[in-house]
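Here the structure is laid out as structure tokens; the discussion comes afterwards.
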Amino acid sequence: MNSSGILSVVTFVYGFAAFLYVASWIFKKPEPGRLATWVVFAGLMGNITGIAMRWMESYTLGYGHAPLSNLYESLIFFAGTLAAVYLVIEKKYHNRIIGAFAMPFPFLAMAYASLSPNISDRIQPLLPALKSNWLIAHVVACFIGYAAFAIAFGLSIMYLIKDKDAEGKSQLLERFPKTGVLDELSHQMVMFGFLFLTVGIITGAVWANSAWGRYWGWDPKETWSLITWFIYATLLHARLTRGWHGRRIAYLSVAGFAAVMFTYFGVNLLPGLHSYGAMGR
Amino acid sequence: MNSWQHSPIFKFFASVRVTVTVLLTLAATSVIGTVIPQNQATEAYVQTYGRNLFRLFSVLDMFDMYHSWWFQLLLVLLTINIFICSLDRLPAVWKIVVKPPGFKPSRFQNASCQRQVAISSPGQAQSLLEKALSRNIGRVRLEQARDGYFLWSEKGRWTRLGVYVVHLSVVFLLAGGLIGSFWGFDGAVNITEGETAKTIQLNNSGKSIPLDFEIRCDKFSVSFYDSGAPSEYRSTLTILEKGTPVLTRDIIVNDPLRYKGINLFQSSYGNLPSQNLVLSFTSRATGMEYKEKIAPGLTVTLPEGLGSFTITAFNREHQFKGHAIGEAFVGKLTPPNGDPVEVVLPVKFPSFDRMRKGEVVVAIAETETRYYTGLQVTSDPGVWVVYTGFLLMIAGCIVTFFMSHQQICIEAQIDGKICSVTIRGIANKNKIDIQRKIDAIAAEVAQTENQSKQSSLS
């Protein structure tokens, strides 16, 4: 079985885990949730194995590069990062309902990578511009940031749902973490994501300077990552110095994640230098 | 507080409301330049947007918006705001950091994070609490009270400065950017293999500027993967000072040559029409083949009274009836009587002209490709200021987000055989973490208490 085969299986493993978390939450049974943790873990192991095998396969083909060079490879790395970050949170905060809002993301990322007819899973040689030691640092930092923002988004959605039901009428929301905890947790994720987004933008700038002789060129991908950075910077300032909490912060977190998604997928519709991340080819 | 800190302008800029407004405005306006393509030709814009919209957009600098006065103004506004905000708050924070106010139990009275435990053996309690406190926070200080004592520990006082490091880094980024735009340049030059360049063309103005040294391109090569995708562009460059070679090095994409503060990047390439082009002319009437040396712009007269032939152009990507046929020479064949005909001579298909079925078949007999390398030539004295800003920003973010100034005060009141302990903690950020530490200390105390109870029972 080659890496693509393993990774398509991982898609269904993540999907199954997401299903178990949702089932555990809706039917208020702890067993599926406990199983789900192990399913995520198994999926993550498969994900890592798939990435490692793809790396080795690229050497067998004679191209030899880290599997972080196109949309397919970025999506499978993104899914792995999401699953890993989620497992850390589950271990730290002992709440599996978060899984019902976080695990659909790695499933969707993998499903998109494996099933979309527009995304090729062929291993391709690196273009001259991508041959740089900055490739790994830049892509890894960006996707850890994106994963943290995705989970912050899931938590903010949970916050907004829970906050709607202030009297606690809904039975489904009974075992949700308290709004204060959701607010704090999503804030932690935003800070984590912001640091990695910052590192991602900076490594990208240093790389651009060594490849094209300029550290900033207002290329659409650069600009959109900066827009994302501005939105999260607003969130952090509003919260840390103006004491914003709750709904307003949750809305900013949703807006920030929309910008992340546009930076990731939407920019490919615009012309620019980051076309390696685009579909097809 | 000084009087200037009361001025309305200072107060305006010292407000975080301004920060939030400017950040969101920057985010919103930055979108424009990703939707409207930047720095395109005027005709392209007129075609897309129509005359009226084009005029409106031009007035608003929409076609080079990131360098427009209003966008730059927003960036400057953000920097001033950051600077003033820091100036407004830093002195007080600085005082706290360099001159610690010392321990005052009253400051902990209303702490939001508190836990209470009771210990039945006051004798052992103190060393137990001290150990737990120093493990969770740091060095412990003891202060005696009327009916017991206080243990106090703090850490991370300096981390309060982290956010100012982040703010300083933004000032560095802007300063570096300004230095680059005033004293740096960004240009390009194409150098044919074997030739030397002394001047470059600036990208924004198109002006030619001389360099202090000369650049010779010794060789250019491009290699391909089996799939046909390019694998590497490589130029061998020699730097000459007053005609004397001082340095020879290969450059590839991502590995530029830096010399005297000027960077040479591999950015494009192309090939030139050959200097040694030989064409063959075959007469259909006699079947004779004549070879002639020719170059673009030159005309040769053909034997047998077949007319004359001129090379009019060399195209790198020639389109023939809608098909891309690559590099091609284009010529004009003028027969003695009749209209001139255009003859296309693709380098890849030497006998292409046979298809025309003319009186003379023109073909390429000999040619030799010569490459030129396209170099991006830049100088940016601000780049190290920007890089310093990058490092400061990362370091500052780590400190600001993941470290905090934490203090825990343990109050022990001894009443006969019972020691009642209150653990209180304050932190400037991340209340969850300080609560966790308080819980850890309380749990440790409770565990020891249970063990001593069990041992006294047995």
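The values are calculated or read from the model by the stated rules, or taken from the named source; none is laboratory data. Given the structure is predicted, the values throughout are model-derived calculations rather than measurements. Every residue, glycine among them, receives a Cβ derived from its backbone with ideal geometry; neighbour counts consider all protein chains shown.
Answer yes or no as to whether B:Ala145 is in contact with a Ser or Thr (Cβ under 6 Å, 6 or more places away or on another chain), of a type outside the set (D, E, K, R), within 19 Å of B:Ile418 (Cα to Cα) and assigned by TED's automatic domain parsing to the domain that holds B:Gln447.
Working: in contact with a Ser or Thr (Cβ under 6 Å, 6 or more places away or on another chain): no; of a type outside the set (D, E, K, R): yes; within 19 Å of B:Ile418 (Cα to Cα): yes; assigned by TED's automatic domain parsing to the domain that holds B:Gln447: yes.
No.
Only a single item in (1) at pLDDT 90 or above; (2) over 21 Å from the mean Cα position of the chain (by Cα) is not met by B:Phe71, and it is number (2). Looking at segment B:361-433, the strands (runs of 3 or more DSSP E) lying wholly inside it that each contain 1 or more residues that are under 30 Å from B:Asp212 (Cα atoms), hydroxyl-bearing (Ser, Thr, Tyr) and outside the structural domain of B:Ala328 (by TED's automatic domain parsing) sit at B:370-379.
Of all residues in segment B:204-250, exactly one satisfies the criterion of being β-branched (Val, Ile, Thr) and within 14 Å of chain A (Cβ to nearest Cβ), namely B:Val222. Looking across segment A:96-136 at every residue that is surrounded by fewer than 18 Cβ atoms within 10 Å (Cβ to Cβ) and within 14 Å of chain B (Cβ to nearest Cβ), the one that is farthest from the chain's Cα centre (by Cα) is identified as A:Leu127.
Does at least one position in segment B:269-279 carry a residue that is at pLDDT 85 or above, within 14 Å of chain A (Cβ to nearest Cβ) and either under 27 Å from B:Leu237 (Cβ atoms) or surrounded by 12 or more Cβ atoms within 10 Å (Cβ to Cβ) (or both)? Checked against the condition, which is being at pLDDT 85 or above, within 14 Å of chain A (Cβ to nearest Cβ) and either under 27 Å from B:Leu237 (Cβ atoms) or surrounded by 12 or more Cβ atoms within 10 Å (Cβ to Cβ) (or both), segment B:269-279 yields at least one hit. Of all residues in segment B:345-360, those satisfying the criterion of being without any contact (Cβ under 8 Å) to a residue 24 or more places away in the chain and either assigned to a loop (DSSP other than H, G, I, E, B) or polar (S, T, N, Q) (or both) are B:Val347, B:Lys348, B:Pro350, B:Ser351, B:Lys357. Take B:Val360 and tell me if it is surrounded by 15 or more Cβ atoms within 10 Å (Cβ to Cβ) and out of contact with any helix residue (DSSP H, G or I) (no Cβ under 7 Å at 6 or more places or on another chain). Yes, satisfied. Taking B:Ser208, is it free of Cβ contacts under 8 Å to residues at least 60 places away in the same chain, small (Gly, Ala, Ser) and touching a strand residue (DSSP E or B) at 6+ places or on another chain (Cβ under 8 Å)? Spelling it out, B:Ser208 is indeed free of Cβ contacts under 8 Å to residues at least 60 places away in the same chain, small (Gly, Ala, Ser) and touching a strand residue (DSSP E or B) at 6+ places or on another chain (Cβ under 8 Å).
For beta carbons closer than 6 Å, sequence separation of 6+ or different chains, a first residue in segment B:419-431 that is among the charged types (D, E, K, R) and a second that is in a strand (DSSP E or B) and surrounded by fewer than 22 Cβ atoms within 10 Å (Cβ to Cβ), the qualifying pairs are B:Arg424/B:Gln114.
Within segment A:226-242, residues that are facing chain B (nearest Cβ under 7 Å) have Cβ atoms under 7 Å from residues that are not in a helix (DSSP H, G or I) in these pairs: A:Ala238/A:Trp244, counting only partners at least 6 apart in sequence or on another chain.
Against the criterion of being part of a helix (DSSP H, G or I), assigned by TED's automatic domain parsing to the domain that holds B:Pro91 and either surrounded by 17 or more Cβ atoms within 10 Å (Cβ to Cβ) or touching a Gly at 6+ places or on another chain (Cβ under 6 Å) (or both), B:Phe63 qualifies.
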